Amino acid sequence: MAWINGTIIKEFILLGLSSNPNIQTMFFPIVLIMYLIILIANSLIILATITDSTLRTPMYFFLTYLSILDICYSSSLIPRMLRDMLSVKKIILVGECATQMYVALSLGITECILLAIMAYDRYIAICYPLHYSTIINRSLCIKIAAGALFFSFLLSSLPVTLALNGDLCVNNVIDHFLCELPGVISLGCGNAKIVELVVFVSGVIILIVPINFIIITYVKILRAIFRISCSAGQRKAFSTCGSHITVVTMYFGSAMATYMKPQSEVSPEIIKLFAVFYAIIIPMLNPLIYTLRNKEVKSSLKKVLCNCV
């Protein structure tokens, strides 16, 4: 439990997206519309990959998994954020704060691992096309997905536990619109440095290792693409990788900017900005990025929408 001067803290106060209530009210419909887009767009991708037999491949299995993660991740944060936008006093119980922080962090780590796995999937498909179906099969995909989720929830437990079990310096006011690790760490006194060190080490494991793996993988992919004599084949290979590279750049860039620096060196406004980016904007853009550059998914979505109408 968190403490202030020997007193157990039972709740935190969130300051919200802005200190100006009018600005928060103004952003409410915008955030609500973006959340609805996240739910609808990602649900359509899930429905398309489930109903269309031509999309039952490992690549689309991981795309479906990404859509499920985006829905779950955003749903762990945005509904509470929307409620607070219309509230005068944004009080969150410590238990609720711990749950939100733990679930969001675990799902975020899972997405990092998934993006690295998707890069490996493209590597096998482009560099070893004849062995693809034997190397990447449905059974392996399910095991990887379950293992990534288990590892993420296991890894998240330590920083969340440390962040919520210590002395707070002044008060229980979090300058954020959600209960996120950087905001809670900024309140700590006694074990704040230890928590920051744990977060940094965890960041190396969940951010630096996967991004280096992705970079190495794409270097090998590019070498293989440039050896393709057919220009149409090169364009198709680039097209399948382009969407993934875009998502990786956005997601890892914003996450590294938030978690790979000491919290004392990052202003609350910057932390909020990046939180909006990876909690709302990226989950909303992911299905658009993948569908706009993928003929198979677009064709399947048209069938789904026609059947619904």
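The values are calculated or read from the model by the stated rules, or taken from the named source; none is laboratory data. Being a predicted model, the structure only gives us computed values, none of them experimental. When we count neighbours, we look across all protein chains shown, and the Cβ atoms used for this are built from the backbone with ideal geometry, even at glycine. What goes into the accessible areas is simple: the full protein's heavy atoms, side chains included, and nothing from ligands, DNA or RNA. Shrake-Rupley method; radii C 1.70, N 1.55, O 1.52, S 1.80 Å.
Structure notes:
Yes/no per residue for (1) in a helix (DSSP H, G or I); (2) at pLDDT below 85; (3) open to solvent by 10 Å² or more (accessible area, probe 1.4 Å):
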residue	(1), (2), (3)
S264	yes, yes, yes
I270	yes, yes, yes
I280	yes, no, no
L285	yes, no, yes
Y290	yes, yes, yes
E296	yes, yes, yes
S300	yes, yes, no
K303	yes, yes, yes
C306	yes, yes, yes
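- Note on segment 40-93: residues that are of a type in the set (K, R), outside any helix (DSSP H, G or I) and open to solvent by 50 Å² or more (accessible area, probe 1.4 Å) total 2.
- In this structure, I30 does satisfy being of a type in the set (V, I, T) and under 14 Å from R83 (Cα atoms).
- Selection from segment 144-179 of residues that are open to solvent by 40 Å² or more (accessible area, probe 1.4 Å) and either small (G, A, S) or over 20 Å from the mean Cα position of the chain (by Cα) (or both): A146, S157, T161, L162, N165, D167, C169, V170, N171, V173, D175
- Any chance I37 is open to solvent by 20 Å² or more (accessible area, probe 1.4 Å), at pLDDT 90 or above and under 17 Å from the mean Cα position of the chain (by Cα): yes
- Scan of segment 102-143 for residues that are closer than 16 Å to F61 by Cβ, open to solvent by less than 10 Å² (accessible area, probe 1.4 Å) and among the hydroxyl-bearing types (S, T, Y), ordered by number: T110
- Any hit, segment 6-20, residues being surrounded by fewer than 13 Cβ atoms within 10 Å (Cβ to Cβ), without any contact (Cβ under 8 Å) to a residue 12 or more places away in the chain and more than 20 Å from N172 (Cβ to Cβ): yes
- Failed item in (1) touching an Asp or Glu at 6+ places or on another chain (Cβ under 8 Å); (2) under 18 Å from N286 (Cα atoms), with I109 passing the rest: (1)
- Here is the figure for segment 147-167: residues that are part of a helix (DSSP H, G or I) and not hydrophobic (A, V, I, L, M, F, W, C) total 6.
- I144 assigned to a helix (DSSP H, G or I), among the aliphatic types (A, V, I, L, M) and out of contact with any Leu (no Cβ under 8 Å at 6 or more places or on another chain): yes
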